[in-house]
Amino acid sequence: MKAFAARTAQWLTCLGAIVAAALAAPGCGGSSANSYSVQVWGRVTYNGKPVEAGALIFMPGPTTRSNWGIGFIDEDGKYTLTSHETDVSLEPGRFEIIIWPPSPQDKRKHSRSGEEEESDEKAIAIAALYPVPKRFFSPETSGLWVDLEKEPTRVDIDLKD
């Protein structure tokens with residue numbers, strides 16, 4: 001039961017990071033990241049093909065004193081990492097990385113009023129057919145991490161079976 005509670009708490013923390021980052025996304029609020037904030041961007045592929053939706057979550061490692069980072073993946077597999085708290089910047093250090101698949105709610109938030117029903121159908125189809133193996137959804141099994149420095153950094157992630 002304790003293992004289940006620990007996994008559930010971790011997923012709820014990830015979900016909270018996604019919701020907070022969505023509120024800070026361009027058009028939804030400002031970002032006050034200062035010049036000391038780590039700047040990260042890149043592309044996510046799976047077996048050489050772009051991952052067309054979802055999010056990357058950068059979780060600070062045990063020795064890193066930083067905020068969480070999140071990057072929403074666009075249709076070309078590209079992302080730009082932002083801090084999940086608008087008033088707290090990302091600091092250098094080690095980050096574990098997980099993939100978060102899209103959900104119908106993600107699509108609905110960004111659709112126009114007349115596109116809501118169509119957007120829900122597309123989002124459900126994307127989530128059901130998400131091409132990324134589930135092992136990349138958890139920090140215990142993803143095996144993805146990066147050490148970030150102060151310099152702007154491109155982090156491309158090519159996921160493999």
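The values are calculated or read from the model by the stated rules, or taken from the named source; none is laboratory data. Everything quoted here is computed from the prediction, not taken from an experiment. Counting neighbours? That spans all protein chains shown, and the Cβs are built from the backbone with ideal geometry, glycine included. We work out accessible area using only protein heavy atoms, side chains counted, and drop any ligands, DNA or RNA first. Shrake-Rupley method; radii C 1.70, N 1.55, O 1.52, S 1.80 Å.
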Considering segment 76-94, residues that are more than 14 Å from the chain's Cα centre (by Cα) and among the acidic types (D, E), and then whichever is modelled with the lowest pLDDT, we arrive at D87
Quick count over segment 100-111, residues being part of a loop (DSSP other than H, G, I, E, B), of a type outside the set (G, A, S) and either modelled with pLDDT of 75 or more or open to solvent by less than 70 Å² (accessible area, probe 1.4 Å) (or both), is 2
Filtering segment 36-58 down to residues that are surrounded by 20 or more Cβ atoms within 10 Å (Cβ to Cβ) and part of a strand (DSSP E or B) yields V40, V44, Y46, A55, L56, I57, F58
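Taking the options I73, I57, I97, name whichever one is among the β-branched types (V, I, T), in contact with an Asp or Glu (Cβ under 8 Å, 6 or more places away or on another chain), on the phi < 0 side of the Ramachandran plot and modelled with pLDDT of 85 or more. Steps first, answer last, please.
Working: I57 fails: in contact with an Asp or Glu (Cβ under 8 Å, 6 or more places away or on another chain); I97 fails: in contact with an Asp or Glu (Cβ under 8 Å, 6 or more places away or on another chain).
After applying the criteria, what remains is I73.
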